[in-house]
Each structure stands twice: as structure tokens, then as C-alpha cells.
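Colleague: This is the structure, below, for whatever I ask next.
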Amino acid sequence: DRQGRVIGIVSQIRSENGVSAGIGFAIPINIAVRVVPELIATGVYTYAYLGISGDTLTPTVAKVMGLPEDTRGALITRVLDSTPAQRAGLVGSTRTRQVNGAAYPVGGDVITKVDGTAIDGMGELIAHLVRNNRPGDEVVLTVVRGRGRIEHVALVVTARPVRDSPASPSAR
């Protein structure tokens, strides 16, 4: 920033011409401070994992689902097999609805809070888990279910599965 404080570490640069100029993608420093010491010590960092796919709940989708339009949270669109979310009974979207020619997933649980902290969408849910939780931690999710019923669901997060990438040693 303008005071010389590190606010992020560049992790990738998208460049159209092959030089180190273009759009930079950075890891926020508060995440790096948490992750880097473990990477140095063990070579690996494990992230907390629920086992869901989802989206940010928009006012349009909230209305289609019969929820107040000001409902905010992460709409679960899919619950993966053999994950903490499945074991806890979380539910993904069961159907889609057409609104003005666009299909919207509806019918899934909406996560509105994690351990009492309100979240506005899927990005905030992921960020909260990265900042505050490790595999083995119990978290309590506040979930809005069908017809606006609010429930508190406790589950123990596990380690996020590691996928091979071209940069990973196991993919070489």
C-alpha cells in the first residue's frame, strides 16, 4: 500500500505477451501469514472442507425460493458424496426455475452464518473457513431450509482433497 505495508503476494500474472506485465493475482497477506509457516515447515497446507458446491444467493433466487429478498448467504447447489456436508444432512438444489429466460438453481439449503458470523455469499463462506478453521474443527452453520425454516447444523470439517495439477510433483 502507500505506506509500504505488504498487502498481498502475487501468485500469478496473466500476460498476453509473455512478459511479467498484465493482470496480477495476489494472495491476501492475512492468508499468507497463516499458510506460509506451515508450507515452510511441512511443504503442505491443508484447508478446511465442507464438501459442497454453491453460489451466492441473489435477491432474485431468494424470491423464487419463497424467502425474503434481503436473505443473504451461500446457496448450496450440490453436496458431494462422503463429505462432512453429506454426513450432516445438508441439501443441494433439487430443481431449477426459469425467470425471465434464465435458469436458477433452487431448493437447496442456504448457509447464512458460520459459528455465528453472518456471511453474504459463497466467497465469504470460503474465506471464513480459510481464515478461521482447520481440518478437524467443528463448525456450526446457520442454515435456511425449505419454507424459511432456520436450523443450526454442527459438523466437523475435513481436509480439502488435493487434486493433481500440471505444477504438482505427483503429476510429473
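Colleague: Calculate the radius of gyration of the Cα atoms of the chain to one decimal place, then report Dmax, the largest Cα-Cα distance, as a whole number, both in Å.
Modeller: Expressed in Å, the Cα Rg and Dmax of the chain come to 18.8, 53.
Colleague: Using the Cα centre of the stretch 19-141 as the reference point, and only Cβ charges (+1 on K/R, -1 on D/E), how large is the resulting charge dipole? Debye, rounded to the nearest 20.
Modeller: In total the dipole reaches around 200 debye.
Colleague: With springs connecting C-alpha atoms under 10 Å apart, model the chain as a Gaussian network and identify which of 150, 23, 52 has the largest mean-square fluctuation.
Modeller: 23
Colleague: Under a GNM of the chain (C-alpha, springs under 10 Å), which listed residue has the highest mean-square fluctuation: 11, 82, 93?
Modeller: It is 11.
Colleague: Further question: Please find, in a Gaussian network model of the chain (springs between Cα atoms separated by less than 10 Å), the residue of 39, 67, 125 whose mean-square fluctuation is greatest.
Modeller: Fluctuation is largest for 39.
Colleague: Take every Cα pair under 8 Å in the chain that's 6+ residues apart, average their separations, divide by the length, and report that relative contact order as a whole percent.
Modeller: 19
FYI, it's all coordinate maths here, none of it is from the lab. Just so you know, these numbers come straight off a predicted model, no measurement behind them. Quick reminder, even Gly has a Cβ in these numbers, built from the backbone with ideal geometry, and neighbours come from all protein chains shown.
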